[in-house]
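Here the structure is laid out as structure tokens; the discussion comes afterwards.
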Amino acid sequence: MKRLTWKLPTALEALGATAYQLETRLRANLALEAERAATNQREGASTGERERPVGFSPNTIYNWCRATTPPERIQTATLERILAALEQMAGREVELSEILAWEEVEAD
């Protein structure tokens, strides 16, 4: 039987990274997004969906890093931010399939 498999803990382990390091990177990137959005707003640029960064609670990030099942609700923008943070940490491209995969699993 196939199902979605959440592989973020495995991806972090492969990078030799911790949940704390991911959380720190996500927060830094979020701060940059907020700064860019504020600058664009001051300059009169239109605000698009991606230009309004949404924060993450540290508990949520740590739960994602320990979870073995995919989060029930996760936005594509959040997946993009996680992938971007992992790429910065790894110094290479990171594929979506490294954190979320459609795989055969044994039946429960």
Problem - Surface share of carbon and sulfur [accessible, 1.4 angstrom probe, percent] for the chain - result: 50 percent
Handout entry: 3J(HN,Hα) from dihedral phi, region 8-16, Karplus parametrisation 6.51/-1.76/1.60, rounded to Hz, x for glycine, proline
Key = 4, x, 5, 4, 4, 4, 4, 7, x
Problem - Within the chain, helix-based [θ] at 222 nm, where runs of 4 or more DSSP H residues each add -39,500 (n - 2.57), nearest 500 - result: -16500 deg cm²/dmol
Completion exercise
The ³J(HN,Hα) series, computed from each phi in region 65-72 with the Karplus coefficients 6.51, -1.76 and 1.60 at θ = phi - 60°, rounded to the nearest Hz and given as x for glycine or proline, is 6, 9, 5, 10, 10, x, x, 5
Practice task
List the pair-distance distribution P(r) of the chain, using every Cα-Cα distance, as the percent of pairs falling in each 10 Å bin from 0 up to the bin containing the longest distance, rounded to whole percents.
Solution key: 13, 43, 29, 12, 3, 0
Practice task
Sort 38-44, 15-21, 95-101, 5-11 for me by packing, meaning the mean count of neighbouring Cβ atoms within 10 Å per residue, highest on top.
Solution key: 5-11, 95-101, 15-21, 38-44
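Taking the Cα centre of the chain as origin, sum charge times position over the Cβ atoms of Lys and Arg (+1) and Asp and Glu (-1), and report the length of that vector in debye to the nearest 20.
Once rounded to the nearest 20, the dipole reads 340 debye.
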Completion exercise
The correct ranking of Leu32, Leu12 by accessible area at 1.4 Å, largest first, is Leu32, Leu12
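The values are calculated or read from the model by the stated rules, or taken from the named source; none is laboratory data. A quick note: this is a predicted structure, and the numbers were derived from the prediction, not measured. Cβ atoms come from the backbone with ideal geometry, glycine included; neighbour counts cover every protein chain shown. Each accessible area value is taken on the protein alone, full model and side chains, heavy atoms only, with ligands, DNA and RNA left out. Shrake-Rupley method; radii C 1.70, N 1.55, O 1.52, S 1.80 Å.
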